[in-house]
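Here is the structure we will look at, set down as structure tokens.
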């Protein structure tokens, strides 16, 4: 369960990284194309706005690859520890009544 969630999260991160990178590239290209507007205040605001918008688009993949995957990794490690815990089932013959023995006859006792 945890590894499928981790795979899904990393796949989402890769897709977000591709989309965010493309959008950042478009914003930076538009910023470069509008560089002639840098002579006035409104043009500077537009250019900086494009730069900030492009980097904001990168927030999701950065968040996934830097922070979010840790919790999934930690849960996966917990599940692995639980999986590897030795389990021993024993029946105390005095506790089990004779009438209940037939209900648990398929369980072997050591």
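The table below lists the values:
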| item | result |
| --- | --- |
| Helices (runs of 4 or more DSSP H) wholly inside the stretch 4-93 that include at least 1 residues being at negative phi and in contact (Cβ under 8 Å) with a residue 60 or more places away in the chain | 69-83 |
| Residue check for residue 100: modelled with pLDDT under 85, farther than 26 Å from residue 13 by Cβ and surrounded by 10 or more Cβ atoms within 10 Å (Cβ to Cβ) | yes |
| Residue in the stretch 38-50 that is nearest to residue 76 (Cα to Cα), counting only those that are exposed (fewer than 15 other Cβ atoms within 10 Å of the Cβ) and touching a helix residue (DSSP H, G or I) at 6+ places or on another chain (Cβ under 8 Å) | 44 |
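The values are calculated or read from the model by the stated rules, or taken from the named source; none is laboratory data. Computed from a predicted model, the values in this text were never measured in an experiment. Positions of Cβ are generated from backbone atoms using ideal geometry, with glycine treated the same way; all protein chains shown enter the neighbour counts.
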